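**Student:** Sharing a structure below in structure tokens format, with a few things to ask.
The values are calculated or read from the model by the stated rules, or taken from the named source; none is laboratory data. Small disclaimer: the values here were computed from a predicted structure and weren't measured. Counting neighbours? That spans all protein chains shown, and the Cβs are built from the backbone with ideal geometry, glycine included. In case anyone asks, the SASA skips ligands and DNA or RNA and just uses the protein heavy atoms, side chains included. Shrake-Rupley method; radii C 1.70, N 1.55, O 1.52, S 1.80 Å.
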Amino acid sequence: MKSAVVLFNRDLRVHDHPALASAIRASDAVVPLFVFDDHIMGGDFARPNRTKFLVDCVHVLRAELEDQGGTLFVRRGDPLRETLELAASTGADALYVTEDYSSYGRQRHNRLRCACAAAALSLVTLPGLAVIEPGELEPSGGDHFRVFTPYWRRWEVAAKRSLAATPRRIRTPRGPRKGRIPAARELVAGECSPDLPEGGEAVGRRRLSRWLSQGLAEYGDRHDDLAGDATSRLSPYLHFGCLSPLEMVARASGRPGAEAFIRQLCWRDFHQQVLAARPDLSTTDYRPRNDRWRNAPDDLDAWKRGLTGIPIVDAGIRQLAREGYMHNRARLITASFLTKDLYIDWRLGARHFWDLLVDGDIANNAGNWQWVAGTGNDTRPNRIFNPIRQAHRFDPNGDYVRRYVPELAGVKGSAVHEPWKLAPDVRKAIDYPEPLVDHAEAVQSFRSRRG
Ligand code: FAD
């Protein structure tokens, strides 16, 4: 009897999973496996919010595989050792994995390749993390795309692979122990944000269906409306692979509002192909600008605590703390404020986001932070968002600020964006700090520093 191990990583789903579908087609039995990798759990990845979401995803995946007659084997330790052990004990002759493009993903893959060769296991790698995998599209001069628009033009019309069949029945060997799924607190210390979303493919698919029927049509007009919260909020499901981005494109296509949304999914692929080409994206300036960033620990601390005195910035940062998520417009405003107004190194801001974001993703986080800081792929690297103007434009009634900054809950309308303009007696009654910087002065200062 032919059997194959399917090693899950950031592809925690059964729908449109090319590696799982191919293993089922080619084998009599499959051995689905997820390993809580000690290296990742003990290192930089493990943060309470993402770990909690990940544990949810693993539970849901096991339940889905069990519904189809199989199960998910779960181990903790070194993925290489655990995979080879399970392959040996089930007599598997092949290992199926989804390609990953982070530097750790590639390292793990290379180790697997050597170990599989030594153990006479055939290693089959298939796509699944992106709509179009890094390396599939190249600019005329070769290498990767450095600018989004030409990438988008090619991406939009490029041939996409077909969706993989959803398994109906999975045969899994009964011998080996299933393995317990640890609780998040066994894997990482620290508290989660109170309003985290629930993880897993089933929840992700329900959200996607609701989003396509109720949210998508207005996405183009409303995606920047901070208080309206009118984006899909599917990013953590995409990050953990609970949803296939290709299936999302297929299901969205042709519906009203689809183009603006699909374009965002293209941004995700864009940053992945940048990371594949520049594995040091999260630590090294993509385009160095000779910045000598300010060393200002008190300002950084005020920013991280949502106490800059600029309400729209503080609201974004506090949304992050409360939900492990921040609206994209607020990510732009808070990141611009840190790097341009305060002139603090983007890496420190990206680190704070990384600590809390449930969708924290190396390619998207580092790529976007560098974009905002002007060290990345923005064609206008020295643009500076005016946080007050942004606040009036994207939160015109001030509801977003009042939702996350309770000190200002009593201030009516858009006056909430500039509490320093309130009558002195009103201002005095509110326990909220004065602005850390004056934006106009900060712009001058940034321009003289950037040169
Ligand atoms: P929607 O607007 O519904 O978009 C649909 C999907 O498209 C998203 O789920 C996401 O996968 C993708 N997408 C949307 N905008 C972008 C973008 N600018 N770049 C790449 N992909 C995009 N996104 C992450 O997934 N992880 C991160 O760690 C991350 N860090 C960011 C840091 C900064 C400073 C900024 C400015 C943006 C960051 N983003 C990150 C991108 C974006 O803010 C989020 O993807 C988006 O807010 C998620 O909400 P949503 O699912 O409702 O998005």
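**Student:** I'd like the full set of residues that are small (G, A, S) and open to solvent by less than 30 Å² (accessible area, probe 1.4 Å), limited to region 261-292.
**Tutor:** Correct list: A276 only.
**Student:** Kindly provide the set of residues from region 223-259 that are more than 20 Å from W155 (Cβ to Cβ), within 10 Å of the ligand (Cβ to nearest atom) and free of Cβ contacts under 8 Å to residues at least 60 places away in the same chain, ordered by number.
**Tutor:** A230, Y237
**Student:** Can you tell me which residues in region 197-206 are in contact (Cβ under 8 Å) with a residue 24 or more places away in the chain and either over 23 Å from G316 (Cα atoms) or open to solvent by less than 20 Å² (accessible area, probe 1.4 Å) (or both)?
**Tutor:** Across region 197-206, the qualifying residues are G199, G200, E201, A202, V203, G204, R205.
**Student:** Let me ask something else. Please verify whether region 271-282 includes one or more residues that are in a helix (DSSP H, G or I) and either of a type in the set (D, E) or away from the ligand (no atom under 12 Å from the Cβ) (or both).
**Tutor:** Yes, some residue in region 271-282 is in a helix (DSSP H, G or I) and either of a type in the set (D, E) or away from the ligand (no atom under 12 Å from the Cβ) (or both).
**Student:** Looking at D341, is it open to solvent by less than 20 Å² (accessible area, probe 1.4 Å), among the acidic types (D, E) and touching a helix residue (DSSP H, G or I) at 6+ places or on another chain (Cβ under 6 Å)?
**Tutor:** yes
**Student:** Among (1) within 29 Å of R47 (Cα to Cα); (2) surrounded by 18 or more Cβ atoms within 10 Å (Cβ to Cβ), there is one condition A258 misses while meeting the rest; what is its number?
**Tutor:** Status for A258: all satisfied but (1).
**Student:** Looking at (1) closer than 21 Å to V274 by Cα; (2) open to solvent by 50 Å² or more (accessible area, probe 1.4 Å), which is the only condition D378 fails?
**Tutor:** Going through the list (1) closer than 21 Å to V274 by Cα; (2) open to solvent by 50 Å² or more (accessible area, probe 1.4 Å), D378 breaks only (2).
**Student:** Separate question: What pairs can you find where one residue is in region 123-137 and farther than 20 Å from I262 by Cα, the other is assigned to a loop (DSSP other than H, G, I, E, B) and open to solvent by 40 Å² or more (accessible area, probe 1.4 Å), and their Cβ atoms are less than 8 Å apart, with a gap of 6+ or different chains?
**Tutor:** T125/E99; L126/E99
**Student:** So which residues in region 423-439 are free of Cβ contacts under 8 Å to residues at least 60 places away in the same chain, under 38 Å from the mean Cα position of the chain (by Cα) and open to solvent by 70 Å² or more (accessible area, probe 1.4 Å), if there are any at all?
**Tutor:** D431, D438, listed by residue number.
**Student:** Moving on to the next point. Return the pairs, sorted by first residue and then second, in which the second residue is surrounded by 12 or more Cβ atoms within 10 Å (Cβ to Cβ) and of a type in the set (A, V, I, L, M), the first residue lies in region 141-163 and is without any contact (Cβ under 8 Å) to a residue 24 or more places away in the chain and part of a helix (DSSP H, G or I), the beta carbons are less than 8 Å apart, and the residues are 6+ apart or on different chains.
**Tutor:** Sorted first by the residue in region 141-163, then by its partner, the pairs are R154/L137.
**Student:** For residues that are more than 8 Å from the ligand (Cβ to nearest atom) and open to solvent by less than 30 Å² (accessible area, probe 1.4 Å), scanning just region 351-362, find the one that is nearest to A46 (Cα to Cα).
**Tutor:** V358
**Student:** Does R287 qualify as being farther than 30 Å from D431 by Cβ, away from the ligand (no atom under 13 Å from the Cβ) and touching a Ser or Thr at 6+ places or on another chain (Cβ under 9 Å)?
**Tutor:** Answer is yes for this residue.
**Student:** Report the residue count in region 302-330 for those that are under 18 Å from E407 (Cβ atoms), open to solvent by 10 Å² or more (accessible area, probe 1.4 Å) and either within 15 Å of the ligand (Cβ to nearest atom) or assigned to a helix (DSSP H, G or I) (or both).
**Tutor:** 6
**Student:** Here is a further query. Pick from region 368-425 the residues that are under 18 Å from A315 (Cα atoms) and among the aromatic types (F, W, Y): which of them is farthest from the ligand (Cβ to nearest atom)?
**Tutor:** Taking the candidates together, the pick is W420.
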